[in-house]
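Student: Dropping a structure here in structure tokens format, bear with me for questions.
None of the figures in this text is laboratory data; all of them are computed from the coordinates on show. Everything quoted here is computed from the prediction, not taken from an experiment. Cβ sites come from the backbone with ideal geometry, for glycine too, and all protein chains shown count toward neighbours.
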Amino acid sequence: QVKKQCDQKLLIRMKTKCLPCSLNLDTQCPAGYTKITNGAGTPDCRYYLEIKAHTLSFPGCRHRCVKEFEQPECCQGHWGPDCMGK
């Protein structure tokens with residue numbers, strides 16, 4: 001039995017919105033994503049607050065999220081929707 005379909009596993013990464021670290025403990029990743037950071041997340045961003053005519057910038061935290069995605073692909077030498085041909 002010759003294998004015709006060789007699906008590729010892709011890892012999609014994303015980060016949540018930057019928030020004050022103290023408010024970031026309960027932040028969830030979007031549906032289908034897994035949170036890979038703990039606690040308040042990673043303190044690697046800044047968030048902004050507009051107060052009257054001024055915009056203030058503060059250090060914040062965000063979480064990293066990943067999602068595994070399988071991309072259908074034909075093995076070498078095969079093609080088409082059913083991965084036929086040689």
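Student: Rank L56, S22, C75 by how far each Cα sits towards the positive end of the charge dipole of the range 8-85 (+1 on Lys, Arg Cβ; -1 on Asp, Glu Cβ) and give me just the farthest.
Tutor: In the range 8-85, that residue is L56.
Student: Place a point 7 Å from the Cα of E73 along the Cα-to-Cβ direction; which residues of the range 1-40 have their backbone N under 20 Å from it?
Tutor: Under 20 Å, as judged by backbone N against the label point of E73, lie 2-14 of the range 1-40.
Student: Follow-up. If you look at just the Cα atoms of the chain, how large are its Rg and its Dmax in Å?
Tutor: 21.1, 70
Student: Count the lysine pairs in the range 8-85 whose Cα atoms sit under 16 Å apart, keeping only pairs 8 or more residues apart in sequence or on different chains.
Tutor: The result is 5.
Student: What are the principal axis extents of the Cα atoms in the range 1-45, in Å, biggest first?
Tutor: 56, 18, 15
Student: Can you tell me, using C-alpha contacts under 8 Å and at least 6 residues apart, the relative contact order of the chain as a whole percent?
Tutor: 41 percent
Student: Further question: Taking a virtual spin label 7 Å from the Cα of R46 along the C-beta vector, which residues in the range 1-32 bring their backbone nitrogen under 19 Å of it?
Tutor: Answer for this model: 16-22.
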